1. Hey, can you rank 362-371, 40-49, 196-205 by average C-beta count inside 10 Å, highest first?
2. Measure nothing but the geometry: give the 0 to 90° angle between the long axis through the Cα atoms of 2-21 and the longest principal axis through the Cα atoms of the chain, rounded to 10°.
3. Kindly flag which residue pairs out of LYS151/LYS341; LYS78/LYS343; LYS70/LYS400; LYS70/LYS341; LYS151/LYS400; LYS341/LYS400 have an alpha-carbon separation exceeding 22 Å in this structure.
4. Return one number: the angle in degrees, 0 to 90 and rounded to the nearest 10, between the long axis of the Cα atoms of helix 72-89 and the longest principal axis of the Cα atoms of the chain.
5. Can you pull the one-decimal nm distance between simple spin-label points at PHE238 and TYR125, each 7 Å off the Cα toward Cβ?
6. Place the peptides 261-269, 307-315 in order of packing, highest mean first, counting for every residue the other Cβ atoms within 10 Å and averaging per peptide.
7. Expressed as a rounded percentage, what relative contact order does the stretch 151-309 have, with Cα pairs under 8 Å and six or more residues apart?
8. Which percent of Cα-Cα pairs in the stretch 216-294 sits in each 10 Å bin, short to long?
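FYI, it's all coordinate maths here, none of it is from the lab. Note that the coordinates shown come from a computational prediction; the quantities given were computed from them, not determined experimentally. With ideal geometry, Cβ positions are generated from the backbone for all residues, glycine too; neighbour counts draw on all protein chains shown.
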Amino acid sequence: MRKFGKILFGAAALSALPALAWGQDAPTLESLAANDAFVFNTLLFLIGGFLVMWMAAGFAMLEAGFVRTKNVSMQCLKNITLYSVAGLMFWVVGYQLMYGGGTFFGKFAMMSYAAEDVGTGYSSYSDWFFQMVFCATTASIVSGTVAERIKFWPFVIFTVLLTGFIYPIVGSWEWGGGYLDSKWGFSDFAGSTLVHSTGGWAALIGAIVIGARKGKYVDGNVHPIPGSSMPLATLGVFILWLGWFGFNGASQLAMGTISDADSIAKIFVNTNMAAAAGVIAAVIYCQLRYGKIDLTLALNGALAGLVAITAEPLTPSVPFALLIGAIGSILACLTVPLLDKLKIDDVVGAIPVHLVAGIFGTLIVPLTNSEATFIGQLVGVVMVGVFVSLVSAIIWFALKATIGVRVSEEDEYTGLDQAEIGVPSYPEFVNG
């Protein structure tokens, strides 16, 4: 009986807590709804943010598997460094450039905000964190393309400028309510162009300026350079696939209503199905084209499907999401031999995946989203491409002319683990 009495007393006490917390007057239904929406919206940003942060591990494992044993430690170092640099630069200047408004190039200022601005419907801290991890993703795309022959510090300097200035300025044109959004109605739900093709253009220019790895193209022939670990690369893709649910799902930007929650669920389904279609399309393509199935193309097929659906993961039906993922994957597969013909050495296939599939996914948004137009999407793709390519070229050439961007031929042969950082990942295969 005493235990039952304690339960009744506890229930009465708990029922009084809301009134005590809000003063003597009980909260209204409207205030409770606003409070709940604030909590759920903030939770969405935080969960989505740490899922996208986990993608940094996916990129690290993917790249570690695709490079040779003598360069694995370097790729791991680059990935943890670029994530850290992105966080610092987005705090110092990137967030304000992206969302501060002002000019065509955003607003240059140190970040400042209120942590609990109830009027926004979410904690500003959670918003900053969610936007920051997107910034880091852009830099991860560059890392894999220029692997195995770039010096560490020039890469870090480029990452500083990419994450602090290039990406935030591009993002401000759409997500910051800037030129592409206000003048052209450009639509990029979660960043097929703003994130993925931005990283893709920067990677493409870097690969051209730095040049191919020694031995990749000899006497007009392409010599494949196998990676160190396909299990690691596969693990990386699964991690990226998981993180993409935060990437696309949390880009709904709200979870405080039944409608928002249902939209997020639909985004999850479309995201997953586009990736699955990307894998199957790549597997079938390889079997028909080469007579054998290339695991690396299957892995990148998943990522290409994910990138393609990212521009609009909400409005397509599931069959259309499957089609988007499959076409994005096939386009990525077709781009790989094209890059080889042009002697553009992309170690992990980031250009076919993030640039080509990103452009495709952006251009077809109007097929399912009537608020977007084909001309608006095209203008957005071209503007981002021209701006990122031009600025990236200036930075890459400036680095090449001053401190140099490429390691010596001897260091490239030895491997960057030994030559640049002195910590081999696989000591028994140090010259593998």
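1. 196-205, 40-49, 362-371
2. That works out to roughly 80 degrees.
3. In this structure, LYS151/LYS341; LYS78/LYS343; LYS70/LYS400; LYS70/LYS341; LYS341/LYS400 exceed 22 Å between Cα atoms.
4. The angle comes out at about 40 degrees.
5. So the two model labels end up 3.4 nm from each other.
6. The densest-packed peptide leads the list: 307-315, 261-269.
7. Relative contact order, the stretch 151-309: 18 percent.
8. Final binned percentages: 15, 28, 29, 17, 8, 2, 0.
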